[in-house]
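In what follows, a single structure is set out as structure tokens and then discussed.
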Amino acid sequence: MDGADIAALVIRCAVGGTMLAHGWNHAFGGGKLPGTARWFESIGIRPGRLHAIFATAVEVGAGLFLVLGFLTPVAAAGVVGSMTVALVANHLRNGFFIFRPGEGYEYVLNLILAACAVGAIGGGRASMDAAFGVDLSGWVGTGIAVVGGGAGAALLLGTSWRPAKAGVS
């Protein structure tokens, strides 16, 4: 393996492992799915239960696929979409830094950009994509990650996100 293959493996496992843990926490952490659903409702994503299930499935699935290097750009699109929704619906208004009240967007933005990089670099030699002879790296992989994830986020936000109006409680 060369440096690019090692980098692909490292970034796939880092982003994939993070997303797998994030989705797992939605389902089995703290408030479990009902708590995640209530939180989604509180930030204006409705119906909360449906989106809690969907977000959990996307995050666990994308995370697992990234770790395995299976359909890598499609998995990266799942990360881009999920984290773009988080960026817009919750973190953007809190400024850049994660330590700000309400948590800023630096963390989700870095996951989005890392997922775009994963789409560009592809799975590398240590991936299921390589084992099956699938190479969707370069501009094709980047496009799948960016356009697929961005379109998914835009669709969800456009149809299901209804934030509270400023000054109205």
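The values are calculated or read from the model by the stated rules, or taken from the named source; none is laboratory data. Because the structure is a prediction, the values reported are computed rather than measured. Cβ sites come from the backbone with ideal geometry, for glycine too, and all protein chains shown count toward neighbours.
Residue-wise test of (1) in contact (Cβ under 8 Å) with a residue 60 or more places away in the chain; (2) closer than 24 Å to residue 3 by Cβ.
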position: 117; (1), (2): yes, yes
position: 133; (1), (2): no, yes
position: 136; (1), (2): yes, yes
position: 145; (1), (2): yes, yes
position: 150; (1), (2): yes, no
position: 155; (1), (2): no, no
Exercise. Look through the range 113-150, keep the residues that are over 15 Å from residue 12 (Cβ atoms) and touching a Ser or Thr at 6+ places or on another chain (Cβ under 7 Å), and return whichever of them is surrounded by the most Cβ atoms within 10 Å (Cβ to Cβ).
Key: 149
Practice problem: Consider only pairs whose beta carbons are under 9 Å apart and that are at least six residues apart or on different chains; among these, list those whose first residue lies in the range 81-108 and is assigned to a loop (DSSP other than H, G, I, E, B) and whose second residue is crowded, with 22+ Cβ neighbours inside 10 Å and among the aromatic types (Phe, Trp, Tyr). | Solution: 95/105; 96/105; 97/105; 98/105
Exercise. Only one of these is in contact (Cβ under 8 Å) with a residue 24 or more places away in the chain, within 21 Å of residue 125 (Cβ to Cβ) and crowded, with 19+ Cβ neighbours inside 10 Å: 16, 78. Name it.
Key: 16
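Residue-wise test of (1) aromatic (Phe, Trp, Tyr); (2) under 20 Å from residue 160 (Cβ atoms).
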{"site": "25", "(1), (2)": "no, no"}
{"site": "32", "(1), (2)": "no, no"}
{"site": "39", "(1), (2)": "yes, yes"}
{"site": "42", "(1), (2)": "no, yes"}
{"site": "45", "(1), (2)": "no, yes"}
{"site": "48", "(1), (2)": "no, yes"}
{"site": "58", "(1), (2)": "no, yes"}
{"site": "73", "(1), (2)": "no, no"}
Quiz item: Does residue 145 satisfy being among the small types (Gly, Ala, Ser) and either touching a Cys at 6+ places or on another chain (Cβ under 7 Å) or within 16 Å of residue 43 (Cβ to Cβ) (or both)?
Solution: yes
Quiz item: Somewhere in the range 19-26, is a residue modelled with pLDDT of 95 or more, over 19 Å from residue 108 (Cα atoms) and aliphatic (A, V, I, L, M)?
Solution: no
